[in-house]
Structure formats: C-alpha cells, structure tokens
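Take a look at the structure below.
The values are calculated or read from the model by the stated rules, or taken from the named source; none is laboratory data. Just so you know, these numbers come straight off a predicted model, no measurement behind them. Note that each Cβ is placed from the backbone with ideal geometry, even for glycine, and that neighbours are counted across all protein chains shown. With ligands, DNA and RNA removed, areas are computed over all heavy atoms of the protein, side chains included. Shrake-Rupley method; radii C 1.70, N 1.55, O 1.52, S 1.80 Å.
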Amino acid sequence: MIVLGLESSCDETGAGLVEFPQGRMLSNVIASQHATHAVYGGVVPELASREHLRNLEPVVREALQRAGIGLEAVDGIAVTRGPGLAGCLHLGLSAAKGLALATGKPWIGVNHLEGHLLAAFLERPDLEFPYLGLIVSGGHTSLLDVRGPFERVRLEGTLDDAAGEAFDKVAKLLELGFPGGPALDVLAQGHGDGGNVDFPRARPKDGGAGFSYSGLKTAVRVHLEKARREGTEVDKAAIAAGFRKAAVDPLVRKAVAEAKRLGRHKVVVGGGVACNRLLRESLAEACAAEGLEAVLCSPALCADNGAMIAYAGGLRLLAGGRSPWDLGVAPNLGETEA
Ligand code: KG4
Ligand code: ZN
C-alpha cells in the first residue's frame, strides 16, 4: 500500500509518499514560504493560504516523480486536518478530497501532532512503543506518554508561548530576520560556551507543571532595553547563547525526568525546534547519562513535512480508518485527539 500525505497547516506545503507495511519513505517534498513571510516578520495567514493553493499541485507532482510512480499507484490519501491555520488547513483538505474523488481511493484526516510523534519511525522502523514523546514546534511544547500509534497521554503542555514561538520572538528582538529560530541557533552556536548572558530558566510562575516561555522572552527584552538605555554594548551572540540555554534546559530536564518516572527507555522528539543543535546535543547527553536513548530524526523530518502525515495516516488507513466526506478542518485539535 502506498500513501500520499499532504501537509499545509502553517507555512510549509508538503507532499510525501510512504509505502506500507514497511513504512518506507519514497519521497518527501517541501515548498517553503519563508521568503513570502520574511518581509512581514511572521506568517501572514492569508498569504500562506494563497501559497498553499499555488504550491500543492506542484509538490504532489514532484513527490510522485521522485518516487517514480504515477497517481494510479497511490492507495490512500492522508492530510493534516489540524491543528494549524484554518484557511491553510482548508486548502490541504480540499486537495486531499479532490484527489480521493478523482482516484476513488480512501482519504483520512490526520492530527499534525500525531505526525510529529510518529515521524521517527520513517528512519527508525525498529522503534517500539511506549516512549516519551516531546513535541517542540511553533505552536506546541508538549510532553506525552506515547503508548501506541493512536494512544497517548498528555503529561505537560504549553502555558503561554510555545518553544518555537519564543525562539522566533527573541530572534525578532535581536533583529535576526524570519524565521528566527534557525538563525538564533546559528548565532548561538558560533558563540560557543563562554560568557553567555545568564537568563532565568523558563518555568511556570507557580512552579507547577507545564512549559512557560513568556517570562524568558521578557527577560531578553528587558536586558536589551537596559543595554540600550545605558549605552552598553549589545553582544547578540552572547544573548542568543544565553537564551538558547535557558530555553533548552527545561525541555531536557523534564523529558528525562518524565521518562525515568514512567519507566520509558526512549525520548522521541518531533517539531521544528528538534532541529536545534543545543537541544539535540544536550538531550542525547542527558539521556545517555541515565541509560536512556534520545531519538532525534534528521531535520527534514523534524520540521513540518508530508511524509510524517503519510506515515501517521497510513497506519490509520491500515487499521480501517476512513474519513467521511463532510469531515472539516480542526484548527485547535489537541495532542491526544484523532
Ligand atoms: O514543527 P514546525 O516546522 O512547525 C510547526 O508545526 O509549528 O516548527 C517550526 C518552529 C519555528 O518556530 C522555528 O523557528 C523553529 O521551529 N525552529 C527552530 C530551529 N529550526 C526551526 N528553533 C530553534 N532552533 C532551530 N534550529
Ligand atoms: Zn509542526
């Protein structure tokens, strides 16, 4: 069985093909809209929708071409139905329904976050449930106990800004362009380890569960304002390195602690922030120190892509799942929903 997966929840248009039962990735094509949104310093939903409308057909065509197959070889169509920007999701869903109608093949709406949590299987088919899942993206910072492909328990989540959102906002304060997360990572990496600006760790005000990043973002803003007021030199790399460390620390600390508490042996990370070099290094190190394994996919599978949707949707199709024609988008779909 070959499944085509479509992704259009935010600012990447993705199409991927995955062959089952092996879960082998045949192709994974992404059209990024970064150039379109860079001028505005953030994703403009209306422009994102227009780009998806333009890009969906070419990415599907290219995914088929790279896999060396025609549309007639596709046995099912999977598409992100949420969470994400409503207008963007509508484009993907309409495309999937159109393809299903034209080919007579079944289609299935997929939770984008399920895609992030299962993407690792595309590179690690030997992976086994249960594992500790960490989603770190532009919209989510979530820890989950992943018990099966469709079964997971939410342990902790985003309280204010998501991890990726915090990276992007701080990068904006440092005038690093858009998207800021990767640029901030590069700047911090170049700074090395010495002489970071020390920011408070991102933790909820009441010390309870959950990930909070708005205080850390404010700390960076206050630091910059003070430096400008006093006319002291602003060392952007030292600030970036200090912020990155403060942002990554709680992710690593909580992921390892929860894995140990639940007796899980693997921590699987998904979402764009999983591309962050410090997160990758420190999680691998912290896990190794506890006899755990950190599973981090290659960057193309961490960020939004169609193959992870094809994989998650394919598993559901194999289990007999089918979406009805009247299924709509779900912009606020939660981590544990279908
Ligand atoms: O999963 P994703 O591609 O889209 C969402 O579902 O949100 O994640 C995008 C987020 C953005 O906030 C982006 O800045 C962040 O991931 N990101 C990074 C890095 N690469 C992407 N953040 C920190 N360091 C990176 N290297
Ligand atoms: Zn995502």
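Of all residues in the range 292-328, which are touching a strand residue (DSSP E or B) at 6+ places or on another chain (Cβ under 6 Å), farther than 24 Å from K254 by Cβ and open to solvent by 30 Å² or more (accessible area, probe 1.4 Å)?
Hits for the range 292-328 are R316, L327.
Read through the list (1) surrounded by 23 or more Cβ atoms within 10 Å (Cβ to Cβ); (2) within 23 Å of P324 (Cα to Cα); (3) away from ligand 1 (no atom under 15 Å from the Cβ), then give the number of the only condition that N111 fails.
(3)
Can you name every one of the strands (runs of 3 or more DSSP E) wholly within the range 22-114 that holds 3 or more residues which are farther than 28 Å from P182 by Cβ?
107-111
Quick one: which of G177, G195 is surrounded by fewer than 19 Cβ atoms within 10 Å (Cβ to Cβ), at pLDDT below 95 and within 16 Å of ligand 1 (Cβ to nearest atom)?
Working: G195 fails: within 16 Å of ligand 1 (Cβ to nearest atom).
After applying the criteria, what remains is G177.
Given (1) of a type outside the set (V, I, T); (2) under 30 Å from K172 (Cα atoms); (3) within 16 Å of ligand 2 (Cβ to nearest atom), where does S49 come up short, assuming only one miss?
Every condition holds for S49 apart from (3).
crowded, with 24+ Cβ neighbours inside 10 Å, within 16 Å of ligand 2 (Cβ to nearest atom) and closer than 30 Å to G70 by Cβ - does that describe any residue in the range 129-136?
The answer is no, given that none of the residues of the range 129-136 is crowded, with 24+ Cβ neighbours inside 10 Å, within 16 Å of ligand 2 (Cβ to nearest atom) and closer than 30 Å to G70 by Cβ.
Go through (1) at pLDDT below 95; (2) within 16 Å of ligand 1 (Cβ to nearest atom); (3) of a type outside the set (S, T, N, Q) and name the single condition D304 misses.
Just one mismatch for D304, condition (1).
Inspect all residues belonging to the range 318-332 and state whether any of them is under 30 Å from V186 (Cα atoms) and under 18 Å from the mean Cα position of the chain (by Cα). Working first, answer last.
First pass over the range 318-332, keeping only residues under 30 Å from V186 (Cα atoms): none.
No, the conditions are met nowhere in the range 318-332.
Here are D249, D235: which of them is open to solvent by 10 Å² or more (accessible area, probe 1.4 Å), in contact with a Lys or Arg (Cβ under 6 Å, 6 or more places away or on another chain), assigned by TED's automatic domain parsing to the domain that holds G195 and in contact (Cβ under 8 Å) with a residue 12 or more places away in the chain?
Criteria check complete, one pass: D249.
A quick yes/no check of all residues on (1) under 26 Å from R124 (Cβ atoms); (2) without any contact (Cβ under 8 Å) to a residue 24 or more places away in the chain; (3) open to solvent by 30 Å² or more (accessible area, probe 1.4 Å):
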| residue | (1), (2), (3) |
| --- | --- |
| V29 | yes, no, no |
| V59 | yes, no, no |
| V74 | yes, no, no |
| A78 | yes, no, no |
| L85 | no, no, yes |
| G104 | no, yes, yes |
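What are the pairs, 6+ residues apart or on separate chains, where a residue within the range 310-338 that is under 21 Å from D75 (Cα atoms) and of a type in the set (K, R) has its Cβ under 6 Å from a residue that is part of a loop (DSSP other than H, G, I, E, B) and at pLDDT 95 or above?
Hits for this filter: R322/P106.
Considering only residues that are hydroxyl-bearing (S, T, Y) and closer than 18 Å to I77 by Cα, which ones fall in the range 98-138? Full working, then the answer.
Here is the first cut: in the range 98-138, the ones hydroxyl-bearing (S, T, Y) are 103, 131, 137.
The one that is hydroxyl-bearing (S, T, Y) and closer than 18 Å to I77 by Cα: T103.
I'm trying to understand the selection: among the residues of the range 7-23, which are within 15 Å of N305 (Cβ to Cβ) and either open to solvent by 10 Å² or more (accessible area, probe 1.4 Å) or within 14 Å of ligand 2 (Cβ to nearest atom) (or both)?
Kept after step one, since they are within 15 Å of N305 (Cβ to Cβ), are these residues of the range 7-23: 7-18, 23.
E7, S8, S9, C10, D11, E12, T13, G14, G16, listed by residue number.
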